[in-house]
1. From B:108, B:116, B:44, which residue is hydrophobic (A, V, I, L, M, F, W, C), over 28 Å from residue B:207 (Cβ atoms) and free of Cβ contacts under 8 Å to residues at least 12 places away in the same chain?
2. Residues that are among the aromatic types (Phe, Trp, Tyr): which helices (runs of 4 or more DSSP H) entirely in the range B:1-90 hold 2 or more of them?
3. Would it be correct to say that residue B:406 is over 16 Å from residue B:301 (Cα atoms), at pLDDT below 95 and assigned to a helix (DSSP H, G or I)?
4. Would you point out which residue out of B:357, B:396, B:335, B:375 is among the small types (Gly, Ala, Ser) and under 21 Å from the mean Cα position of the chain (by Cα)?
5. What pairs come up if the first residue lies in the range B:343-355 and is of a type in the set (Gly, Ala, Ser), the second is in a helix (DSSP H, G or I), and their beta carbons are under 7 Å apart, counting only those six or more places apart or on different chains?
6. Filter the range B:317-347 down to residues that are within 20 Å of residue B:407 (Cα to Cα) and polar (S, T, N, Q) and give me whichever is farthest from the other protein chains (Cβ to nearest Cβ).
7. Can you tell me which of (1) surrounded by 15 or more Cβ atoms within 10 Å (Cβ to Cβ); (2) over 16 Å from residue B:76 (Cα atoms) is the one residue B:149 doesn't meet?
8. Would you mention how many residues in the range B:359-403 are among the β-branched types (Val, Ile, Thr) and closer than 23 Å to residue B:322 by Cβ?
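The values are calculated or read from the model by the stated rules, or taken from the named source; none is laboratory data. Since we're looking at a predicted model, the values are computed, not measured. FYI the Cβ positions are ideal-geometry reconstructions off the backbone, even for glycines, and counts take in every protein chain you see.
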Amino acid sequence: MVREIVVDVSDLEAPQPFEEVLKQLKVLGLGDYIHMLHRKKPLPLLQMLQENGYASVMRKGDTIPWEIFIWNTADPLSNEYCRSQFAPD
Amino acid sequence: MNLHKLSLDTIPPILTPFRFFLSALLFGVLAALLLLYSREDFWFTRWSNSNLALTHLLTIGFMLMVMMGALYQFIPVMNGQLIPGSKKLAPVIHVLMILGVLALVSGFLFSNSELFQAALAALGTASGLFALSLLPLLISRLGNQLIVYLLRVLFLVLLITLGLGLFLLLGHALPELNLPYRFYTDLHVLWGLAGWVVLIIMAVSSQVTPMFYVISEFSPRYLKILSLLIILTLVVMSFYTVFISKQSGTDSAQPFIYYTLAFLLSAELLVFVFYTLLKIAQRKRKIADVTINFYRLSMFSLLAALMLWWVAVFLPLAHLTYLLAILLIYGLAISIINGMLHKIVSFLIFLHLQKLSLKRPEAMTLVPNMKQVISTRNSQIQFMLHLLSGSLLLISVHYPALTVLAAVFMLANFCWLSWCLFQAYLLYLESRKKILACPEISMSL
């Protein structure tokens, strides 16, 4: 079962968005992925996650400037789902 | 859907920006010591050796040095790619900058043309290399990104300011050329303060403050139009000064044009001040943060400088040049740099330690938070010292007997900043050692 964990950090100053996501990653279960809502592109965070086996996709949001989807590539369930939903290429 | 596939390289080695920050502090301390040594004589004439030396210790040694370090750090964070050559070229540029500033300042102090020649070579090479390393980004197709637009504008303004500066330096280095370098000094100052300083603060305001203070995004259209207007006004003022005012031999020949242009420039700067203050007042989460006071102080200094300048048009004001220089260099520029260094350094240390601890879950608790890197109390002391030293500098222009006191507080200001940054760096080294001692495992479910 795939589960979306929404992390809205759009009103938090740096580095709280970073800390919030790391907190969620620690408790991420099988099939879970993070849907982050942010006013900025958190590029250093995404780089660090990439280097540690996480994939991420970023898109412009409707109400919040940026939506970022983060999942663990070692988790087949969330990896397959997120790739098909957010990164079809 | 606008999907981005990311290929990121956003975190340069911590020493890349730090080496610029730490040596900038040294020049700040030297500037204060020079004022302490010069005492009342400092205010004798703006053309005095110590005056020119101190101004360049602050503008190139402190301000430009910090700006370079900050660009090495923040361009990748905003843009996703390191500045080309940042790992190998940055140390070379850094050393050249240090040598160049030392040679320039010694050249002023000892009126030595060989030292000016050395400064010309070192600063010319350093700024040329820095410009070259920024070039790929500036000509990239990322022009629709606001940060790239702002960098292009900044690059142009810095090029003109440094170009004029190097031209003036050539006049000092080769006196036999008889260059009219004094004539171009005011233009150099105008481009440096109303151009470079204001535009870099605009860039920082639009890119860094929304990140740290949850200020709503600056309107890109506002930033583009205002920066363009400022540059256009400066260009017209420069042409007027060089081709009309110089030929007629006096500014008073066509005062109307001059004052119209100056009015335009000050109106543009006023828009910038009020827009920024409004943004600060409207921030979403009004959490008490002493570093935002540096920001307000910076804007109020610009406002005070503009008001003073306009008062001086109608009423003769003694020592106007000094007052404006203090308000614009120490008030506008160094206030914001001071506050930003407290924020940026804490953030950088947090970022680098988090990066290390990601592969070592046991070490997560060893990463200090930003308030532990530089405490609120230390930032408050910094603000008081900066405010006090800036106020004393302004007062000592009229009461030169207070110059020593102003210099002591200025020294305390830069020493305290050095202490805050240095102990933050020591904390980084200590935490890094502890984190690296933890076993490395990949993060897993």
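1. B:44
2. Because the criterion is at least 2 residues that are among the aromatic types (Phe, Trp, Tyr), the helices (runs of 4 or more DSSP H) in the range B:1-90 that meet it are B:15-38, B:65-79.
3. It is false that residue B:406 is over 16 Å from residue B:301 (Cα atoms), at pLDDT below 95 and assigned to a helix (DSSP H, G or I).
4. Numbers: B:357 fails: under 21 Å from the mean Cα position of the chain (by Cα); B:396 fails: under 21 Å from the mean Cα position of the chain (by Cα); B:375 fails: under 21 Å from the mean Cα position of the chain (by Cα).
Just a single option satisfies the conditions, and that option is B:335.
5. B:346/B:370; B:346/B:373; B:346/B:424
6. Filtering the range B:317-347 for residues that are within 20 Å of residue B:407 (Cα to Cα) and polar (S, T, N, Q), the one farthest from the other protein chains (Cβ to nearest Cβ) comes out as B:321.
7. (2)
8. Number satisfying all stated conditions: 3.
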